[in-house]
Every structure is written in structure tokens, then in C-alpha cells.
Amino acid sequence: MNPDGLYVHFSCACLQVVEYRGSYKIGTASESVNAAYIFSRKDLSRPAIQIPCASKAVVAVRFCPIFFNLKATNSALIPCVSVSLTFSTLLFGKSERSFNIEDTTIQKKYILQLAGKRHRGWRTFLTNKYLKDKEKKFVEYDPEYPVKYAIFITEEEWVAFVDQRRDENFKKVSATNRERASNPTYAYKKGRLGYARLEEKILDETKSDATSLPPHVLWKEARVGKDGTVRDDVQHIYDECETLSQSISTAEDQENRSVLSRALNVPEYPGRVRGKGHGCTPTSLYKNPRRRNPSNQEVMETLQALQAQVLQLQKDNERYRCMEKCSSQLKETSEKASINCQNKFPEGISSCQLYLSSPTYRLVGKGKVHNTSGDLLHHRPLPDGHLKVSVDVVLDKDALLPIPDIVSETTLLRDAIGSFVAWPLDLIFIDDETPTKPASKDNGILRHNESVASQKEVFAQGSQQLSQKIGSRQKNKRDLPVTSLPKKGAFVPRYQISLETLVDSSDMATAGAIRLLDMEEDIFGYSCTETIGKEDLEHIFRHQELGVGVIHTYIRFLYDNFMRGNDQLSNRFRFVSSSLVNKALICREPDSCREYLVKRFMASSTNNLYLWPYNSGCHWLLLAIDPLKEVVYFLNSIDGEWTNYPDMKQLVDTSIKVFRSQRQARVPRTKSSNITWIKVQCPLQRNGIDCGYFVMRFMREIINMNQIEIPITYFDEYKCAHYTRLQLEQIKEELCQYFIEKRLISI
């Protein structure tokens, strides 16, 4: 017996034990171990302490007669720690003896949490029964000691309990919690069903193969009334969760605050998952292993990796400083030259060629230079010695930008197509003539007030100059060589020849001349103006890579000749602007791209097929999107997969999910995260320049077939391995005819 008589020991004990995660526990092992038993006088049914010993039996146990205190700087904390530790250990020990617990290491925390909840409920019961009257107010007199529960509560503990409950701070906290619980912001409306049974019920009703529901989905279903109505504030939180779930990864959701906590703007408490009910923890839900502290070797490896990153950033910073220093040497000496309106370039917008001098001096792209006084680039002043340039065509797909775009983190020229960049003055080449400025407007076309030849005169002029035109092409080094006149019965591109004749005879022959074509709101969902330059027409005549201006002009042709006045086609097919959604903008402003697509999808209430010519930087492809059925048809003329364009795919998937959320559509759980992508076996190009022409023909054939669903093997009427040159020339003829009929070019 120990000196204070609370514990009794027994020598020469023997027990059978098994090793269980570093501790010893009574089991069924055949090996016997000598031990010493120590019993508490309060419970002699089972040893309180079991001490395994050496191979020989224990003869005697000696207790030290000196009572030691715990060493601590603050002695006031010792009783609290000791009592709490003893109480939790004793409570779990009794629970373990009363119930069959399979894995104590995992279930111990949950059991103690559940016991704490029951204990708080017990204390509330005592308060309501003995300390309050029928009106739920605290009594003024001292309540009598509950003899009925004397086995659990001593008189000293009862006095302390009464004093604690009568404390003013406790009453204030209790009143606040009671008011919040009686009037919750988002009331739970499933009674005693609970989250677990509700989740099981939903999965059974939907016959889903999923094993669980997202927390925000379960949270919303738990707040649906008996009549099936959902409050607007609950639906708003759910919609916000749907939007956040597209931009927050699962790892970020687990490590920080969940999507539901972010939408509710409330803190995330440890050891629980909001919207999953009591007992569900992040460890059990996400199956995450417990964290461990990194080893010294891992810390050193991480440190070395960070040092390498810092060194690389220093090198990049030094390179950018050198580039700025070199560009600053181009600054003019006069103060007037510091304004971004250089005298060597014509004022306004002019077509230009873009060169790079490193590693070799070469032509890398084409675009338009904007020489305007006080112009800004992404809300920032232009660097000295640079001008604002819009990139239309990329000739070198591996070319780097002279100054990387820090906003969009763009370093390659092909990623900047359709956007504005800063380009050095000495690497921009343009003719010296002043660009033509449009002066009047007719049928959406801005041009000079000059006489326009009739359509018959144009064709007559084109036929007379056909032989002369073909002969003159041989002298032009930029044109394709033509050795003889077309054979009898061969295809003659009369509209192209006539349009080229008009261009050579008009002010459009001047470098930098432009025309502005108005795009109606019904085409792209907003009214805009498309710029057509001389180089855009040259691309058609020379059969070169096409820019966004030509693609949009052909869309205007399809709308005017097929869809205008035809309610069936105009209600079935819609277009997406390549100027508002392209690779550069997806990387730089993904939110604005998503908002435009969602707004475009929400514009109609019937089944629509949205045709979107997408430029990946140096290649055109076509997406046909059915947002209601959540199907995306992928038409790529180079036989590539949509996985090669992850930014584009993520934008489309996110936009469809947000569109689904805004129209409050309910879809099966198995499809909630899966958008159907179909790769159409469309005709393939055999060179590197026909992609734009293929996309225009794809759109024409889809509209001509008047079908929402596109067969995987493409339409039987147009099925082929490759388009012939004649089929592409027909598209160019339609486009040139549209230019002439719209009187785009004036003589």
C-alpha cells in the first residue's frame, strides 16, 4: 500500500499481453509476462496500473515516502492540468470497460467529445431544474443540494457549480448563445433526421453511385422546407459556393477554410466539417494522413530549392534591368520626343511588321501600331523608346516578347495575339505614307465619300484585266508564280480578282488604310466595330494565315445571308467573339472571359449552339457549345486533343457550371462535375496555314445543316478526309463577294 493508502499493490502477478502501438494491453497471446498489479481502493474489480517486469517474478514493490510536486513556473496551472488529465483518462477508461471499442487511438477523441457534449447537457439540466423557476429565471434563494445525485456530485462541487452559474459573465454569454440558437440565420429544417441520414436519403432517391455529397449541397438540402421552397439567402449562399468550388482546389479546401465557410464568411473550427454533421472530421472525410514534422534532410532540400528560385529571380530581374537600360538609350533628347507620338511613324493606327534582333534579326509577326499621344498600356505609361502594338499574326511561334507582360505573365509572342504589347521603335517597320482615315458611314462601313462602281462594272473591269492581272503577278515577288492563263473549265476566282483590282485602284492600296465594319448586337451579344486593314485583304489574296478581323467578317456574312430574317436559324445558332475570349485574355483576365460566356449563355431560353472560333496563339479551331445539354463539340483541323488547351477547357467547363447554377438546374451527382466533350472527326488540313479557312467552312456547314447535334464522324453530306483547294476558294469567293456587295472598297 502506498503511504496515503489510496493504492494497493500485488506482487508475483502474471498476465498475458500483446504489444499494441507502443503500449501493453490485455490480450490472448500465449506468452505470459511477470507483472505487478496496482489497484485503486475506489475500484478493486480491475487493476488501475499494470507494470510488466523482468523474466523473474516480482517479490516486493516499494513506494517512495516523499510526495513530489510537479515542476512548473506557474503553480496555479498545475491543478487544472492534473484534474483535466485525470478526469479525461478516467472517463475514457470507464467507457472502454463498458463498451467494445475497436480502435481506441482513433475513437478516443470522438468519445471524449461526445461525452463532453452529454456532460454540458447534464449541467444545463441541473441549472433549469434547481437554479431556475418556471419562468426560466434564476431564483434568489440558495437552491437545495440534490441528494438524488449525491453519488455524482459532492456538496463542495455543488456550491462551486451554483456560484459559477450565477456569475454575471456566464449569464451574459448564456443569453447571447440562447438568442442566437433560438433565431438562426439559416434555420435547419429537417428535425431529428440529421445530416448523415439526410445524405443517405438523397443518395437513395437519386440512385446515385456516389458515396457522399459536397458539404454545401447537403447544407442547402437541410434548409429546404416541407413545401420544397428554398429561401433566397440560402440559394445565394449555394450559388456562391458553386462559383467558389470552380476556383478553389480540393487541397486548398482541406488545408484552409472550406467553400461553405468562405461563402458564409464564418471561421472554420478545428475537428469538424461544416455541413456534414457531428462526428465528421477533416481526417475522416478527406482520408488525409496525420501531418508529421519534416526531417532535417527535407528541410535542407526545401531550403536549397528556395535558394535556387531566389537566384533565378535575381537573374531575371537583372535581365529586365538590362532590357530597360537598353531601351532607355533610344530616348530622344528633346522633351517632345518623350510623348508617345513619334514623328517617324504616321499618327493613328497603321499596319506594321514586327522584328526581333536576338538571337537573329528576323520577322516574327504582324500587327498594328497605335501611335497616339499619351497612350497607355494596361493603365501604365509606355516605356521610353516603345510604342503600343496589337499583335494579329505570329510568324515565329517561339519568339519572345521584347518586354514580358507582367500583368498576364506572358512571355511568348504567340500568347499575346489579340492583345496589346510594347514594342521597340527600331524593330517596327511601316511605309511612310499616312494611313487613310475613314470619313463617312454607309450600311455599317466607314469609308471616303467617293463614287463606287456598280457590281456589273466591277465584274466587267475584272474580266478585262484578268490576263493583265495574272501577268503582273509574275513580276511581284510576294505573289505566287502563275505561268499561264487558267484552262478552259477551271475555277476562276473572279470575285477575288475583282476585289484585288478595286484594292489596287483605291485608297486601300496605301499602307495602313483601314475600314471599320459595324457588328450588330445580335451577332456577339454586344455592338462593336471590326477593323479591316489592307493586310487582312492581302492574307486572303495570298492565301496566308488569317487574323481575327477576317474571321469576324465572315461571321457577319453568315449572319446576313443565312440567319437574318430566319427565326429558326437565328434562334438556334449564336456566335462567341474571339476578340473577347482568346488565349491572351484567358491568361490575363479569366474572370471577364467567364462572365462574357455566362452572359452569352443566359441570353436565350431554348436550345442553342454557340460557335466559337478559338485562336490558341498560332492556330484556329472551332468549339460548338450546347450549354443546356452541357455538350462541347471540338473541331480541330490538325487532329489535336482538347487536353492540349487546358486554359480553354477549364474556362468552358467553369462557365457551363456557373450557367447551370444561375439557372438553378438540378443535374445528377454523377454528371455534376463532368461536361461532355466530343471530338468531331472533321476534315484535316495538310499544311500550316489553312486552319482559319477550315474554321470558316466548319461554321458554314454547321449552319447549313441546321442541326444542334454534330455527329462524331461529321455530317455525311460534307464528310471527307481533307478539304480541296477548290472548297477553300469557294469560302474566299463568298468573303470577297461580301466585301464588294457591302461596298467596302471605293475607287
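The values are calculated or read from the model by the stated rules, or taken from the named source; none is laboratory data. Keep in mind it's a predicted model, so treat the numbers as computed, not measured. Cβ sites come from the backbone with ideal geometry, for glycine too, and all protein chains shown count toward neighbours. Note: areas computed on protein heavy atoms with side chains; ligands, DNA, RNA excluded. Shrake-Rupley method; radii C 1.70, N 1.55, O 1.52, S 1.80 Å.
Only a single criterion out of (1) acidic (Asp, Glu); (2) at pLDDT 85 or above; (3) within 33 Å of the chain's Cα centre (by Cα) is not satisfied by residue 156, namely (3). Kindly establish whether residue 729 is in contact (Cβ under 8 Å) with a residue 12 or more places away in the chain and more than 39 Å from the chain's Cα centre (by Cα). Against the criterion (in contact (Cβ under 8 Å) with a residue 12 or more places away in the chain and more than 39 Å from the chain's Cα centre (by Cα)), residue 729 qualifies.
Of everything in region 2-24 that is at pLDDT below 65 and at positive phi, the residue that is most open to solvent (accessible area, probe 1.4 Å) is 21.
Within region 39-54, track down each residue that is part of a strand (DSSP E or B) and surrounded by 14 or more Cβ atoms within 10 Å (Cβ to Cβ). Within region 39-54, 39, 40, 50, 51 qualify.
Take the conditions (1) in contact with a Ser or Thr (Cβ under 7 Å, 6 or more places away or on another chain); (2) open to solvent by 20 Å² or more (accessible area, probe 1.4 Å); (3) touching a residue at least 60 places away in the same chain (Cβ under 8 Å); residue 689 misses just one of them, which is (1). The residue that is nearest to the chain's Cα centre (by Cα), among those in region 207-232 that are in a loop (DSSP other than H, G, I, E, B) and of a type in the set (Asp, Glu), is 209. The set of residues in region 517-537 that are among the charged types (D, E, K, R), open to solvent by less than 30 Å² (accessible area, probe 1.4 Å) and assigned to a helix (DSSP H, G or I) contains only 536. Screening region 161-190 for residues that are of a type in the set (Gly, Ala, Ser) and open to solvent by 60 Å² or more (accessible area, probe 1.4 Å) and picking the one that is farthest from residue 122 (Cα to Cα) gives 182.
Among the residues of region 681-738, those identified as under 13 Å from residue 636 (Cα atoms) and assigned to a helix (DSSP H, G or I) are 691, 692, 693, 694, 695, 696, 697, 698, 699.
For (1) open to solvent by less than 50 Å² (accessible area, probe 1.4 Å); (2) over 27 Å from residue 559 (Cβ atoms); (3) among the hydrophobic types (A, V, I, L, M, F, W, C), each residue gets a yes or a no:
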position	(1), (2), (3)
622	yes, no, yes
636	yes, no, no
661	yes, yes, no
714	yes, no, no
730	no, no, no
739	yes, no, yes
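Checked against the criterion of being touching a residue at least 60 places away in the same chain (Cβ under 8 Å), under 28 Å from residue 213 (Cβ atoms) and open to solvent by less than 70 Å² (accessible area, probe 1.4 Å), region 640-652 has at least one qualifying residue.
Among residues that are in a helix (DSSP H, G or I) and modelled with pLDDT under 65, residue 95 is not included. Looking only at region 207-228, which residues are of a type in the set (Val, Ile, Thr) and at pLDDT 85 or above? 217, 224, listed by residue number.
Tell me, yes or no, whether region 560-567 has at least one residue that is hydrophobic (A, V, I, L, M, F, W, C), open to solvent by less than 10 Å² (accessible area, probe 1.4 Å) and under 15 Å from residue 520 (Cβ atoms). Give the derivation first.
Pass one, region 560-567, residues hydrophobic (A, V, I, L, M, F, W, C): 562-563.
From the residues that got through so far, the ones that are open to solvent by less than 10 Å² (accessible area, probe 1.4 Å) too are 563.
From what's left, under 15 Å from residue 520 (Cβ atoms): 563.
Scanning region 560-567, I find at least one residue that is hydrophobic (A, V, I, L, M, F, W, C), open to solvent by less than 10 Å² (accessible area, probe 1.4 Å) and under 15 Å from residue 520 (Cβ atoms), so the answer is yes.
To keep it simple, each residue is scored yes or no on (1) closer than 30 Å to residue 242 by Cβ; (2) free of Cβ contacts under 8 Å to residues at least 12 places away in the same chain; (3) in a helix (DSSP H, G or I).
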{"residue": "121", "(1), (2), (3)": "no, yes, yes"}
{"residue": "134", "(1), (2), (3)": "no, yes, no"}
{"residue": "142", "(1), (2), (3)": "no, no, no"}
{"residue": "162", "(1), (2), (3)": "no, no, yes"}
{"residue": "174", "(1), (2), (3)": "no, yes, yes"}
{"residue": "192", "(1), (2), (3)": "yes, yes, no"}
{"residue": "196", "(1), (2), (3)": "yes, no, yes"}
{"residue": "199", "(1), (2), (3)": "yes, no, yes"}
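From the set of residues in region 25-38 that are in a strand (DSSP E or B) and modelled with pLDDT under 75, which is surrounded by the fewest Cβ atoms within 10 Å (Cβ to Cβ)? Here the answer is 32.
In region 575-596, the residues that are closer than 15 Å to residue 551 by Cβ reach residues that are of a type in the set (D, E, K, R) with C-beta atoms within less than 7 angstrom, at least six apart or across chains, in these pairs: 576/600; 583/415; 583/647.
Exactly one residue out of 681, 707, 685, 737 is closer than 30 Å to residue 627 by Cα and modelled with pLDDT under 90, and it is 707.
Reported count of residues in region 243-276, each being open to solvent by less than 40 Å² (accessible area, probe 1.4 Å), within 20 Å of residue 194 (Cβ to Cβ) and modelled with pLDDT under 75, is 1.
Screening residue 587 on (1) under 18 Å from residue 625 (Cα atoms); (2) modelled with pLDDT under 90; (3) not β-branched (Val, Ile, Thr) shows it passes everything except condition (1). Of the candidates 193, 213, 198, 203, the single residue that is surrounded by 11 or more Cβ atoms within 10 Å (Cβ to Cβ), closer than 30 Å to residue 661 by Cα and touching a helix residue (DSSP H, G or I) at 6+ places or on another chain (Cβ under 6 Å) is 213. Of the strands (runs of 3 or more DSSP E) lying entirely inside region 349-421, the ones with 3 or more residues being touching a Lys or Arg at 6+ places or on another chain (Cβ under 7 Å) and surrounded by 18 or more Cβ atoms within 10 Å (Cβ to Cβ) are found at 386-394.
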